């Protein structure tokens with residue numbers, strides 16, 4: 001596929017990235033469909049039938065991405081400790097934060113998150129790939145480990161994406177939500193539980209206008225003009241996005257499964273970005289993955305952007321629908337356009 005990492009060689013003898021801890025966090029107060037109908041021309045039935053969402057979580061006034069990230073990161077470090085892995089500062093060499101909603105335009109949010117977690121002066125930086133952020137972050141963390149730059153990485157995916165959504169836009173306000181998920185990765189062997197397979201990534205910037213927030217960036221600022229009304233919010237071309245999402249997620253998934261030496265019939269669990277129930281069903285049907293192997297938490301979490309996949313993995317581990325030894329396929333698609341897929345042999349971990 002155009003823009004993918006298909007065919008890129010992995011250095012011989014480089015260590016694999018192994019998941020040894022997981023944690024997640026969402027703001028405390030759920031927002032139901034009925035809550036949204038107070039300000040939107042919609043209904044609970046309309047939202048549920050078109051998106052699969054019944055409720056979602058939104059940041060409280062004054063709550064920022066870093067607040068979500070710190071809590072998810074803390075829980076992932078605790079999880080690593082419960083698994084017999086060091087969860088303290090000495091056990092983490094780097095923090096990677098996947099987010100599209102940093103606390104400020106400058107500096108990056110990751111260094112503050114690392115400091116608040118008590119991790120001291122470890123390397124810390126942000127990765128921005130919107131809904132594919134966790135997979136792009138996973139590839140980045142794997143690269144740090146493979147290169148020997150880090151032996152252990154805390155990867156956090158967090159977004160307060162509702163701050164970029166027009167609260168009166170029925171097309172987007174009912175879908176997007178806020179949350180954070182995190183994993184701890186260490187250097188290990190490619191055949192051990194928790195090992196992450198090659199991450200397949202791709203992008204198509206010629207279609208960046210399908211999902212965008214036009215205002216607030218350097219292009220708008222360089223004009224010296226104020227943000228036009230509505231340009232501070234997300235704009236989404238839903239139908240075109242749906243079509244590209246299904247095709248790209250399915251294609252990347254097949255490549256990731258092939259790279260792992262698996263067949264699609266070997267997949268025990270599909271953990272896809274929780275964008276929309278219809279997209280999820282269409283992708284799974286395309287791949288031939290039966291309903292009992294599809295993980296989902298979109299009904300009560302909505303679309304949490306970069307946090308979607310790690311939140312799903314944490315929830316599924318907690319409720320037992322994801323267990324040690326399962327062969328898991330991860331896939332995501334979002335603005336950029338950017339997409340990705342990866343495989344992982346699920347370890348025996350307990351969410352922090």
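General observations
- Fraction of antiparallel bridges per DSSP, the stretch 16-188 only, in percent to nearest 5: 70 percent
- Relative contact order, percent, the stretch 96-162 [alpha-carbon distance under 8 Å, six or more residues apart]: 45 percent
- Cα centroid separation - the stretch 18-46 against the stretch 207-282, whole Å: 19 Å
- Calculated mean residue ellipticity, 222 nm, the chain: -9000 deg cm²/dmol, from DSSP H runs (n ≥ 4) at -39500 (n - 2.57) each, averaged per residue and rounded to 500.
- Rounded, prolate or oblate (a/c below 1.5 giving rounded, otherwise prolate when a/b exceeds b/c) for the stretch 200-345 by Cα gyration tensor: prolate
- Relative contact order of the chain, defined on C-alpha pairs under 8 angstrom at six or more residues apart (%): 27 percent
- Compared with the direct C-alpha span, the chain from residue 189 to residue 265 gains 25.0 nm at full extension, assuming 0.36 nm per residue.
- Cα centroid separation, the stretch 299-352 to the stretch 129-176 (Å): 12 Å
- Inter-probe distance in nm under a simple model that places probes 7 Å from Cα toward Cβ, at residue 237 and residue 299: 3.4 nm
- Extension gain, residue 278 back to residue 42 (0.36 nm per residue minus Cα-Cα distance, nm): 83.1 nm
- Extension gain from residue 286 to residue 212, taking 0.36 nm per residue of separation minus the Cα-Cα distance: 23.9 nm
- Of all DSSP beta bridges confined to the chain, the antiparallel ones make up roughly 70%.
- Summarising the label geometry, the points placed 7 Å from Cα in the beta-carbon direction at residue 63 and residue 34 lie 2.1 nm from one another.
- When peptides 18-26, 214-222 are sorted by average Cβ neighbour count within 10 Å, with the highest value leading, the order is 18-26, 214-222.
- For the stretch 200-345, relative contact order (Cα pairs under 8 Å, six or more residues apart, normalised by length) works out to 34 percent.
- Distance in nm between pseudo-label sites at residue 219 and residue 258 (7 Å out along the Cβ direction from Cα): 3.4 nm
- If you bin all the Cα-Cα distances of the chain at 20 Å, starting from zero, the percentages per bin are 33, 60, 7.
Since every read-out is calculated from the coordinates, none of them should be taken as a lab result. Everything numeric here is computed off the predicted structure, so don't read it as measured data. For neighbour counting, all protein chains shown are included, and Cβ atoms are generated from backbone atoms with ideal geometry for every residue, glycine included.
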